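Engineer: This is the structure I have questions about; it appears just below.
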Amino acid sequence: MSDFAPPLKVPFNRPTLGERELAYVTEAVRSGHLSGDGLFTRRCHEHLERLTGCHKALLTTSCTHALEMCALLLRLEPGDEVIVPSFTFVSTANAFAVHGARLVFADIRPDTLNIDESLLPSLLTPRTRAIVVVHYAGVACEMDAVMNLARDRGIVVIEDNAHGLFGGYRGQPLGSFGALATQSFHETKNISCGEGGALLINDPAFSERAEILREKGTNRSRFFRGQVDKYTWVDLGSSYLPSEILAAVLWGQLEQAEQIQARRRRIWQRYDSELADWATAHGFRRPVVPEHCNQAWHMYYLLAPSLEVRTNFIAWLRRQGILAVFHYQPLHASPMGLTLGGRDATCPVTCDVADRLVRLPLYHAMTDAEQDTVLSAVRAFAV
Ligand SMILES: *Cc1c(COP(=O)(O)O)cnc(C)c1O
């Protein structure tokens, strides 16, 4: 096998912003309001509230920051535990560790690759404060089981919904189950402004403090609403609000969400139907999407029969000018994870899936010709 890598014909992701986003950026700049919480931010908030039915949406500078706000809202005390899946992006865990949580890593289900709700009872202790779920690839976790368990014990459920905007579980939008949920608008996500995120608040008890945390620990939001006559330092906090320029980009994207989602859906379904026979014949597994989950069309992945086959598959596609990539490595076994509770965790499904999963290119600007290139190359792969 040679290491020769020809120029890319099909990237893994191609972020595209169009004339609409540029026009809104121009409008934001001309308006003279460049800092946060202006007209475009308000539009995004209202839109996210309508879309998910959450009590209040707040744009943030990233999903990571929205998760950090969740950690601060929990008022964690030393020894408090937060359950997170091991198979996720580092921020799902890091945001809580950085604010003092003891992490408890949970394994995932072999079908949806979501946190395995059947393991949760064995991970609970009197110190468990929160369970963070990730709707992997935009396919819902088993929220009935998670919510019932948490409700009985007064545990806060937080949805890291970075993949799941527009998805649902038994007809209810993802992001509306947990007391808190977080979104990402990073360039790799379905809807993007480059770097950005949102905190969705479903339990109104968190609303006022969330606004304060986001405004550097001040009650500035109440001041602007005329509820107090001067604003002052009232709590901990940081600067978590994005500028109007980014909100303008995001608004342009949200307005086009229907077309973006329709295109992603089409690409996803075409991969799935066109590769069905090939996958069966070659020992690759396609994504599992249960009936009661309407997915968010975030990602198309395959599970290779082994690490060796995956390595060869990725190298083969790269030689055809296609970038396919693997995904999360087990957090509990990472150098940092091992120092933060990872040593006590056993997550065999996470370890297995991390070695075998490969993601195919999927972006809304992907052309049929580009997808044809990927499909032909996959079918030509000799296991
Ligand atoms: C992308 C992602 C994040 C981080 O999002 P940022 O906006 O880049 O901070 C967190 N969790 C999951 C599951 C993600 O996919």
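Engineer: Just need a number here: residues in region 185-194 that are in a loop (DSSP other than H, G, I, E, B), near the ligand (Cβ under 10 Å from one of its atoms) and farther than 18 Å from residue 43 by Cα.
Structural biologist: So the count comes out to 3.
Engineer: Pairs, please: C-beta under 9 Å, at least 6 apart or cross-chain, first residue outside the structural domain of residue 240 (by TED's automatic domain parsing) and in region 57-79, second open to solvent by 10 Å² or more (accessible area, probe 1.4 Å)?
Structural biologist: Sorted first by the residue in region 57-79, then by its partner, the list stays empty.
Engineer: Mind checking which helices (runs of 4 or more DSSP H) fall wholly inside region 52-151 and carry at least 1 residues that are basic (Lys, Arg)?
Structural biologist: Qualifying helices (runs of 4 or more DSSP H): none found.
Engineer: Return the only residue of 350, 311 being among the polar types (S, T, N, Q) and open to solvent by 10 Å² or more (accessible area, probe 1.4 Å).
Structural biologist: 311
Engineer: Of everything in region 115-152 that's of a type in the set (Val, Ile, Thr) and in contact with a Lys or Arg (Cβ under 8 Å, 6 or more places away or on another chain), which residue is farthest from residue 167 (Cα to Cα)?
Structural biologist: Per the criteria, the residue is 128.
Engineer: If you don't mind, there's one more thing I want to ask. Specify which of the listed residues (236, 200, 250) is assigned to a helix (DSSP H, G or I) and in contact (Cβ under 8 Å) with a residue 12 or more places away in the chain.
Structural biologist: 250
Engineer: Here's a check for you: in region 160-184, which residue that is among the hydroxyl-bearing types (Ser, Thr, Tyr) and within 23 Å of residue 61 (Cα to Cα) is farthest from the ligand (Cβ to nearest atom)?
Structural biologist: 176
Engineer: Here is a follow-up. Scan region 39-70 for residues that are away from the ligand (no atom under 15 Å from the Cβ) and open to solvent by 40 Å² or more (accessible area, probe 1.4 Å) and jot them down.
Structural biologist: 39, 42, 43, 46, 49, 50, 51, 53, 55, 56
Engineer: Still on this structure: Does residue 210 fit the bill of being modelled with pLDDT of 95 or more and assigned to a loop (DSSP other than H, G, I, E, B)?
Structural biologist: Here the answer is no, as residue 210 does not meet what is asked.
Engineer: Give me a count of the residues in region 271-296 that are in contact (Cβ under 8 Å) with a residue 40 or more places away in the chain and open to solvent by 40 Å² or more (accessible area, probe 1.4 Å).
Structural biologist: 7
Engineer: Given the residues 128, 182, 188, which is the only one that is under 22 Å from residue 86 (Cα atoms), touching a residue at least 12 places away in the same chain (Cβ under 8 Å) and open to solvent by 20 Å² or more (accessible area, probe 1.4 Å)?
Structural biologist: Every option except 188 fails the conditions.
Engineer: May I pose another question? Find the residue count for region 365-379, including only residues that are open to solvent by 60 Å² or more (accessible area, probe 1.4 Å) and assigned to a loop (DSSP other than H, G, I, E, B).
Structural biologist: Adding up the residues that qualify gives 1.
The values are calculated or read from the model by the stated rules, or taken from the named source; none is laboratory data. These figures come from a predicted structure and were not determined experimentally. Backbone-built Cβ (ideal geometry, glycine too); neighbour counts: all protein chains shown. We work out accessible area using only protein heavy atoms, side chains counted, and drop any ligands, DNA or RNA first. Shrake-Rupley method; radii C 1.70, N 1.55, O 1.52, S 1.80 Å.
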